[in-house]
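Input: a single structure, listed below in structure tokens.
The values are calculated or read from the model by the stated rules, or taken from the named source; none is laboratory data. Keep in mind the model is a prediction, meaning the values are calculated, not measured. Neighbour counts are summed over all protein chains in view; Cβ atoms, including those assigned to glycine, are modelled from backbone coordinates with ideal geometry. Only protein heavy atoms, including side chains, enter the accessible area calculation; ligands, DNA and RNA are left aside. Shrake-Rupley method; radii C 1.70, N 1.55, O 1.52, S 1.80 Å.
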Amino acid sequence: GDNGLDQLTTNTDWTDSNKFFGYMYNRIYYTVTQSNAVINQMNVYNISTKDQVISEMRFLRALAYYYLIDCFGKGPLLLETDPIGALKQETNRAQLFAFLETELLEIEPKLPMYIGYGQANRSTARMLLAKLYLNSEVYTGTPEWEKCIQACNEIISSGQYSLEENQKNVFKEQNHL
């Protein structure tokens with residue numbers, strides 16, 4: 001019964017007046033501005049994990065921009081160097097793709113191999129790159145299948161993840177049992 005949700009799940013007659021599109025767009029830019037604020041604050045302090053924290057914030061910002069490129073196709077590209085409240089021109093999908101690829105490739109080696117549940121690590125950045133490459137033909141007009149395969153192979157060969165041997169366990173109420 002959420003007004004607006006039914007229209008998203010039952011037909012393809014979507015309009016920009018649907019409140020859930022607005023919620024998502026607003027959440028994307030909320031995440032971007034909060035990430036930029038943390039990056040700016042981290043640049044003020046000198047702590048031992050500064051590069052890692054900044055890289056994690058850049059990953060969260062990249063994830064938000066991935067949702068922007070995938071769901072909306074365009075939007076302003078706001079960085080930590082932009083003044084708060086800056087009005088910028090929309091950036092198209094190809095430009096957002098180029099930014100995201102560069103950003104993820106730059107931060108990936110700065111992230112730890114594994115840090116803990118719920119935190120960005122190298123494989124997280126590689127997975128976002130794989131998703132970006134998987135859809136690059138839509139975003140840029142150029143398919144990037146080999147880069148997608150390479151990013152996925154790096155995750156698989158990291159040794160950090162494995163598939164569940166018993167398929168029924170995937171559907172259990174508690175994953176650790």
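Can you find a residue in the range 14-36 that is more than 25 Å from Lys74 (Cβ to Cβ), without any contact (Cβ under 8 Å) to a residue 12 or more places away in the chain, part of a helix (DSSP H, G or I) and under 22 Å from the mean Cα position of the chain (by Cα)? No, because not a single residue in the range 14-36 is more than 25 Å from Lys74 (Cβ to Cβ), without any contact (Cβ under 8 Å) to a residue 12 or more places away in the chain, part of a helix (DSSP H, G or I) and under 22 Å from the mean Cα position of the chain (by Cα).
Looking across the range 142-177, the residues that are within 21 Å of Leu104 (Cα to Cα) and charged (D, E, K, R) come down to Glu144, Glu146, Lys147, Glu154.
The number of residues in the range 87-111 that are in a helix (DSSP H, G or I) and either open to solvent by 30 Å² or more (accessible area, probe 1.4 Å) or of a type outside the set (Val, Ile, Thr) (or both) comes to 17.
When the range 32-86 is filtered for residues that are of a type in the set (Ser, Thr, Tyr) and open to solvent by 40 Å² or more (accessible area, probe 1.4 Å), the ones remaining, listed by number, are Thr33, Tyr45, Ser48, Thr49, Tyr67, Thr81. The number of residues in the range 39-53 being part of a helix (DSSP H, G or I) and free of Cβ contacts under 8 Å to residues at least 40 places away in the same chain comes to 6. Only helices (runs of 4 or more DSSP H) whose full extent lies in the range 112-159 are considered here, and the ones with at least 2 residues that are open to solvent by 30 Å² or more (accessible area, probe 1.4 Å) and charged (D, E, K, R) are 122-134, 145-157. Filtering Thr102, Thr81 for residues that are among the hydroxyl-bearing types (Ser, Thr, Tyr), at pLDDT below 95 and either under 20 Å from Tyr29 (Cα atoms) or under 20 Å from the mean Cα position of the chain (by Cα) (or both) leaves a single hit, Thr81.
Can you confirm whether Thr142 is hydroxyl-bearing (Ser, Thr, Tyr) and at pLDDT 95 or above?
Against the criterion (hydroxyl-bearing (Ser, Thr, Tyr) and at pLDDT 95 or above), Thr142 qualifies.
Among what's in the range 13-31 and is among the polar types (S, T, N, Q) and open to solvent by 30 Å² or more (accessible area, probe 1.4 Å), pick the residue that is modelled with the highest pLDDT. Here the residue is Thr31.
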